[in-house]
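This report concerns only the one structure given below.
The values are calculated or read from the model by the stated rules, or taken from the named source; none is laboratory data. The shown structure was predicted, so the numbers you read here are calculated from the model rather than taken from an experiment. Backbone-built Cβ (ideal geometry, glycine too); neighbour counts: all protein chains shown.
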Amino acid sequence: MSHRPACLLLVEDSTEDEFLILRAWRQAALDVRITIARDGQQALDLLFGSCPQAPPTEPRPDLVVLDLNLPRVGGFEVLERIRADERTALIPVVILTSSDDPVDCARCYQLGANSFVPKPVDAHQFRDAITRLGQYWTQSNLPAAP
Amino acid sequence: MKPVPEFADDAWLAAIIDSSEDAIISKTTEGIVTSWNRSAERVFGYSAGEMLGKPLLVLFPPERVGEEERILERIRTGLRVEHFETERVRKDGHRILVSVTVSPIRNAAGQIVGASKIARDITENRRLQASLRLLNAELEQRVMDRTRELEFANREMEAFATAVSHDLRAPLRALSGFTQALQEDFGDHLPADASTFVQQIATAGQRMETLINGLLDLSRNTRGRLERAPLALAALAQTSWRTVARATGGDLPACEVNCPWPMDGDPRMVGIIFDNLLSNAVKYAGDLPPRVRIYQSRDDSQRVWLHVHNQGLGFDAHQAQEMFKPFTRVHALDEGRRDLPGLGLGLGLGLATVKRIVERHGGKIEATGVPGLSAELRFHLGTGAPLS
């Protein structure tokens, strides 16, 4: 595993969910550096550097945690753009969404998502899911070689 | 049989011809009218006096005058013209549709001396047929339009239910998550009453989650493809029964399954039917042990019905009608209904889901019960098993 903390881009428009996700990772003492994007466009700007206020995240994230239902540019499109660009094509993308619709799930995998995690409503289940997600993708899973 | 002489004389034959509903006309092989009955007057508007000795061509519309020569040509060669549908012109100038049969008339020596023509006015008949065709087409179009509208409305409703259910989950997750955070981070500083209130918020949140999940299930079971396959009924029922037993955490009596006749259906959906019916059997067992018997019967048309019978709180005939509507609960908690968290909270969506699944199969579900004693639900899935 890399010696530096894993860089993670969290694309999440809900401030409540963001709070609960960050709290779960904090409680799990996850060694991560987190950048937040509030919508799909902001995520693309952060990844590809088209945003004047924010240069592209450097280094590029080791993991993108992506909601589907996002303002401006939706999660499906963000996923497509990540996979279409060779600079980001190998970054693992975990879909973290309110949807547990099999149609959404299938579409995400077709578009190249690495994982599809429905957000549980129950607080305990939510924290467990978020913790496991964070631990697996930042500690257990080896990213693709740069 | 021999003809009775007085019924065979000319006057008698003339009377028959005159009283006929059809126009009966005779003409020479050159097309000159030689007889004209009363119905011919009615159909064409000309009296016998006006037509006798005149060419029949006066009845022909200009573009059809050639027809007369072709008809006469056939007659002269001894052939008939049968049920020929064409157009003629009445005295008042109106065109009418007629069905015409023309036959040669022979003299005693067998020579063709003329033709008899029987014409029936089919204008009204054709008009009615056309109206009927038009009405049928309109009806078909209306049915198609209405079906399209209903399909659209259904799709809209499903999309709405799904969207609402998804959108409701986000604030609920926040409610649940922040309640947990409050309990964990400040629980020690909260007065006892406040802790109780927080717990009540958490419980209400859980209840709402169950409700939303139920709505999503209800909505999903009307979407997606239904894939029929032979059902392993005993295995499906026992799997559901084991799930129910695990969820209740207690020992349940064995579930008796006797299903010798094959049934087809979507196995996943039929599994949901068993999940709902069997968990109801436990929830509504009252003080009695939840004893469940699953068996089959055949109706007059050899359709196989599956029965799920259990002892328990039961229901009356009125409740049996109402219980399939969403959010309808037959029994309240104080009537002995058990809320077993592992089985869902009894929000009145289970039987609505079951009914929708059965109806998606083209089947039917019915309920009969004896209050305080037993309940039975029976359903078929639209296809009868072949007689073995």
Search result, residues across region A:87-131 that are within 16 Å of residue B:177 (Cβ to Cβ) and among the charged types (D, E, K, R): A:119, A:122, A:127, A:128
Selection count where residues are of a type in the set (Asp, Glu) and more than 11 Å from chain A (Cβ to nearest Cβ), scope region B:157-183: 1
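Could you list, in sequence order, all residues of region B:204-226 that are more than 12 Å from chain A (Cβ to nearest Cβ) and out of contact with any helix residue (DSSP H, G or I) (no Cβ under 8 Å at 6 or more places or on another chain)?
Within region B:204-226, just B:204 meets the criteria.
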Answer residue from region A:97-115, given it is more than 13 Å from chain B (Cβ to nearest Cβ) and crowded, with 20+ Cβ neighbours inside 10 Å and is nearest to residue B:162 (Cα to Cα) among those: A:108
Condition met for residue B:154 (more than 22 Å from residue A:67 (Cβ to Cβ) and either modelled with pLDDT under 80 or more than 9 Å from every other protein chain (Cβ to nearest Cβ) (or both)): yes
Single unsatisfied condition, residue A:119 versus (1) under 18 Å from residue A:7 (Cβ atoms); (2) charged (D, E, K, R); (3) buried (at least 16 other Cβ atoms within 10 Å of the Cβ); (4) in contact (Cβ under 8 Å) with a residue 24 or more places away in the chain: (1)
Evaluation of residue A:59 against (1) over 27 Å from residue B:218 (Cα atoms); (2) touching a helix residue (DSSP H, G or I) at 6+ places or on another chain (Cβ under 7 Å) (one fails), failing number: (2)
Any hit, region B:192-201, residues being more than 8 Å from chain A (Cβ to nearest Cβ), assigned to a helix (DSSP H, G or I) and crowded, with 19+ Cβ neighbours inside 10 Å: no
